[in-house]
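Undergrad: Quick one: structure below, then a few questions.
Every read-out reported here was derived from the displayed coordinates using simple, explicitly stated rules and does not represent laboratory data. Because the structure is a prediction, the values reported are computed rather than measured. Here the Cβ positions follow ideal geometry from the backbone for every residue, glycine too, while neighbour counts run over all protein chains shown.
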Amino acid sequence: MKRTLKAFIRKEFAQALRDPRMKLILFVMPMIQMAVFGLALSSEIRNIKLAAVYSPGDVAAAGLTRRFISSGWFVPADPGRARDPSGLIVSGKADAVLVFPVEGFARAAARGRGMVQLLVDATSVTRARSVEAYARNIFAAHAAADAGLEASSPPFGFDVRIIYNPEMESPMFMVPGVMGMIVCLVTIILTSMSLTRERETGTFETIVSAPLENHEILLGKTIPYVVLGLANAALVIAAGFLLFGVPVKGQLWQLFVASLAFVITTVAIGTLISTISKNQQQAMMGGFIFLFPAVLMSGIMYPVENMPVLLKPAVYLNPLYYFTSLLRNIMLKGGDPAAFISNLSALFLMAVSAASLAYARFRQTLD
């Protein structure tokens, strides 16, 4: 190998590894991500929030409910004061609801009317199929244990009602999540490279020397990306409706407010990344370092409920998780007010926090 080529290769290695931030990105972050994702990502369906509606003192219904919980697949939901089975699923308090006969499960079964209904939230198709399969196995085992019969012939009826996606079509579940992922990708990448591009082209000094306050400069750099992000959100929502038939059962103003809160949050995060990075390469790498775990830990592809307790804070600090929940709730469930307000409040707090950090970091950069 020529001496000149060897020197050139050494120079490239030195240039790539000179910055401590690049060393962190190249060697430390992959190990952290591998450890986190290896623990967090699981396609197994567990921790299904189950509620049961039955008359007070119905011992048979309570016993069957306990069998569901003790199976390890279900966890008890907290219904609060709500008694409406559909309302429990609309609000997100339960993923499935057992509805027992009003006269009592044992008494109804003795009269040949022991029909138990299971309501299943099918906004997640994979989860709904697993819930139905788990429930049928538990019902069969309960019948065999109590009646001494074969597991295939239970002495009572069992009816599964799939709601919000009765045909259990995958696009109904995947498309709202992909919408959020696309908007997040566009806003984070574009915004994270905005300030670093000005530095590399030498126009940043011109902007700073203009008769503008610091917050005016920052607003001038971010407002266009907020508008572009909203336009992108409207485009992907329209594409989901026209191309894949995903309904919009909620109000359009709810979609606009949710999209606005999410876009402001991601633009603020992208601006924060831009103030930390020295060049466009670092900004792009920083954007993808944020995007990769944000997408995988948002509930778009893997159930969030399966993740270990120690990793749950990372999920609850992820704006894409709340936006995906908002889209699915508004488009498929009609926009339950409680779920809308709770998820929107989380996005609002994240937007304020990210914008404050970005502004503080921007002032330090100017100083």
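Undergrad: At 0.36 nm per residue, and after removing the present C-alpha to C-alpha distance, how many nm does the segment from residue 244 to residue 219 gain when stretched out fully?
TA: My answer for the length gained is 5.4 nm.
Undergrad: Separate question: Whole-Hz ³J(HN,Hα) for each residue in the range 334-347, computed from phi via Karplus 6.51 cos²θ - 1.76 cosθ + 1.60 with θ = phi - 60°, x for glycine and proline: what do you get?
TA: For the range 334-347, the Karplus curve yields x, x, 4, x, 5, 5, 5, 5, 5, 5, 5, 5, 4, 5 Hz.
Undergrad: Counting only residues 5 or more places away or on other chains, whose amide H sits under 5 Å from the amide H of residue 163 once H atoms are built in the peptide plane?
TA: Residues meeting the criterion, in which the H sits 1.01 Å from N, are 120, 122.
Undergrad: For residue 67 and residue 161, what does the FRET efficiency come to when R0 = 25 Å and r is the distance between their Cβ atoms, rounded to the nearest 0.05?
TA: With R0 = 25 Å, the Cβ-Cβ based efficiency is 0.80.
Undergrad: Could you pull out every residue, at least 5 positions away or on a different chain, whose amide H is within less than 5 Å of the one on residue 115? Hs are placed 1.01 Å off N in the peptide plane, and Pro or chain starts have none.
TA: Sorted by chain and number, the residues that satisfy this are 157.
Undergrad: Give me a comma-separated list of calculated 3J(HN,Hα) values for the range 253-264, in order, Karplus coefficients 6.51, -1.76, 1.60 applied at θ = phi - 60°, integers in Hz, x for any Gly or Pro.
TA: 5, 5, 4, 5, 5, 5, 5, 4, 4, 5, 5, 4
Undergrad: So if we plug the beta-carbon distance of residue 301 and residue 278 into 1/(1 + (r/R0)^6) with R0 = 22 Å, what FRET efficiency do we get, rounded to 0.05? Let's see the in-between values first.
TA: Working: r = 33 Å, r/R0 = 1.50.
Here the calculated transfer efficiency is 0.10.
Undergrad: Which order do the peptides 317-323, 218-224, 293-299 come out in when sorted by mean C-beta neighbours inside 10 angstrom, highest first? Numbers along the way, then the final one.
TA: Values: 317-323: 24.0, 218-224: 16.0, 293-299: 21.4.
Per-residue mean Cβ counts within 10 Å order the peptides as 317-323, 293-299, 218-224.
Undergrad: Can you compute the FRET efficiency between residue 349 and residue 251 using 1/(1 + (r/R0)^6), with r the Cβ-Cβ distance and R0 = 22 Å? Round to the nearest 0.05. List each step's numbers first, then the result.
TA: On the way: r = 23 Å, r/R0 = 1.03.
Here the calculated transfer efficiency is 0.45.
Undergrad: Same structure, new question: Please work out the C-alpha center-to-center distance from the range 301-367 to the range 48-104 and express it in whole Å.
TA: 29 Å
Undergrad: Also, I was wondering about something else. Given labels modelled 7 Å from the Cα in the Cβ direction, how far is it in nm from residue 356 to residue 341?
TA: 2.3 nm
Undergrad: In whole Hz, what ³J(HN,Hα) sequence does the range 284-291 give by Karplus (6.51, -1.76, 1.60; θ = phi - 60°), x for Gly and Pro?
TA: Using θ = phi - 60°, the values come out as 5, 5, x, x, 6, 5, 6, 5 Hz.
Undergrad: Also, quick follow-up: Starting from the Cα-Cα distance between residue 103 and residue 234, subtract it from 0.36 nm times their residue separation and give me the gain in nm to one decimal.
TA: 42.2 nm
Undergrad: Here is a follow-up. Mind ordering 116-123, 264-271 by average Cβ neighbours within 10 Å, highest first? Don't skip to the end; give the middle numbers.
TA: Working: 116-123: 22.5, 264-271: 27.9.
Sorting 116-123, 264-271 by mean packing, highest first, produces 264-271, 116-123.
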